[in-house]
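Working notes, structure below.
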Amino acid sequence: FYLQGIQNDISCVEKKRDMSFKEYDNNIFAFVGDRGSGKTSCMMSLTDYLCKERSRIEDQKLTNYPNIKGKCFKRLNLIDPSYFETDKESILGHVIAQLLNMYKNLVLDDATHKWSEKEEKLLYKFSEVNKNIKYLEQASRDTDDFLEELNSLSAAVNLKSSIEELFEQFLNYAHWENTILIIPIDDIDLNRTGVTNMIEQIRKYLINPNLLILMAFNTKQMYMIETQEFAKTYKTMIDGKQIDFNDVNDMAEKYLEKFIPQGRRIALPDVSILFKSPLKINSSKKEPYKFATIRQAVTELIYRKTHYLFYNAKDTTSLIVPPNLRELRHLVRMLYNMEDYNATVNDKVAHNSYNKELFKKYLFDTWTVN
């Protein structure tokens with residue numbers, strides 16, 4: 001499913017390469033779902049699959065996706081905007097900085113490296129992009145040089161074309177023919193104060209046939225953030241009853257629909273659909289645990305470690321089994337790491353009491369809240 005979407009995306013981009021009007025199709029795919037549903041893991045698994053050296057057997061899986069099969073993929077490091085310390089940090093700056101690091105690594109790894117005109121042009125393009133980014137970051141620029149002032153005013157237009165040329169020159173310099181760079185971006189919605197600015201930077205400057213952007217975020221939270229931004233912008237009109245809050249919600253929805261259309265959103269399923277799937281837990285220190293189903297695994301592990309009893313009905317899973325993938329993994333890990341209730345230990349009473357207290361702490365402090 002994921003490969004089909006990217007296959008269609010690359011096909012559309014290839015058709016638009018020859019157009020004199022350089023407006024490219026959206027190159028963004030988003031893994032969406034609740035917190036802990038496995039968005040980031042799924043995104044990075046797909047990224048690793050596309051980037052790794054695929055064997056002949058694995059390549060046969062891509063027979064139905066010729067636009068992907070004929071491409072090579074390289075990736076930048078995962079960008080997590082929630083770690084940006086200030087609102088002024090630019091996601092565009094992070095992307096360019098990573099590209100520069102990739103260039104440095106190519107130079108360091110090349111024992112026969114020699115300065116060339118191609119390398120000089122590449123570094124000049126890095127400088128040009130950086131200069132345009134700085135122009136954009138400065139709200140006003142006091143200068144007596146009218147050419148400098150005009151350069152500042154045209155920075156936004158220049159930046160789009162110079163970034164596109166930078167990626168083309170970089171791929172050419174690295175001899176990565178027929179290659180697409182993947183930019184994975186995680187939890188963009190957690191940087192609440194800078195989301196809109198990051199969205200605009202991606203939309204304006206990174207819609208590029210040499211790039212594939214993979215994102216992971218919570219759709220509901222993104223809508224809330226954008227609704228709040230529109231509410232601030234149109235506060236005077238809302239207070240004056242010229243528009244109501246439903247109009248603001250509609251604006252936010254359409255804005256995000258334009259940024260990432262529904263067809264580019266990959267919704268992560270609820271883990272409850274896996275409750276009746278078998279589970280095996282491997283460990284180098286213990287014998288593997290095997291269970292007929294995930295829901296049975298949770299209730300059986302609870303009994304094995306604490307002697308507390310929870311039951312699954314025929315058609316209903318016990319509420320003690322978390323419907324969130326992250327919470328499920330944490331609970332299973334906590335139970336698995338406990339010694340069995342009947343294990344031979346120095347002080348069995350203290351050991352069993354500890355297991356019970358640990359589980360009760362989880363039950364009252366975490367499970368009931370969730």
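Below is a table of values for the structure above.
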read-out	value
Debye-sum result for the chain in log10 I(q)/I(0), which assumes one identical scatterer on each alpha carbon, at q = 0.07 Å⁻¹	-0.46
1.4 Å probe accessible area per residue over the chain, in Å²	58
Dipole magnitude (debye, nearest 20) for region 223-356, charges at Cβ of Lys, Arg, Asp, Glu	700
Cα gyration tensor category, rounded, prolate or oblate, for region 192-277 with a/c compared to 1.5	oblate
Sparsely packed chymotrypsin sites (Phe, Trp or Tyr not before Pro) within region 270-312, loop by DSSP, other Cβ within 10 Å at most 15	TYR308, PHE310, TYR311
Cα lying deepest toward the dipole's positive end in region 266-369, options ASN352, PRO322, PRO278, charges on Cβ	PRO278
Other-chain or far-sequence residues with amide H under 5 Å of LEU212's (modelled H)	LEU181, ILE182, ILE183
Straight-distance crosslink candidates among lysines, where the alpha carbon sits under 25 Å from LYS114 and sequence neighbours closer than 8 are dropped	LYS74, LYS104, LYS125
Cα-based Lys proximity count in region 258-370, under 13 Å, for pairs eight or more positions apart or on separate chains	6
Mean separation of Cα contacts under 8 Å, 6 or more apart, over the residue count of the chain: relative contact order %	22
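The values are calculated or read from the model by the stated rules, or taken from the named source; none is laboratory data. What you see is a predicted model; the values in this text were computed from it and never measured. For neighbour counting, all protein chains shown are included, and Cβ atoms are generated from backbone atoms with ideal geometry for every residue, glycine included. We work out accessible area using only protein heavy atoms, side chains counted, and drop any ligands, DNA or RNA first. Shrake-Rupley method; radii C 1.70, N 1.55, O 1.52, S 1.80 Å.
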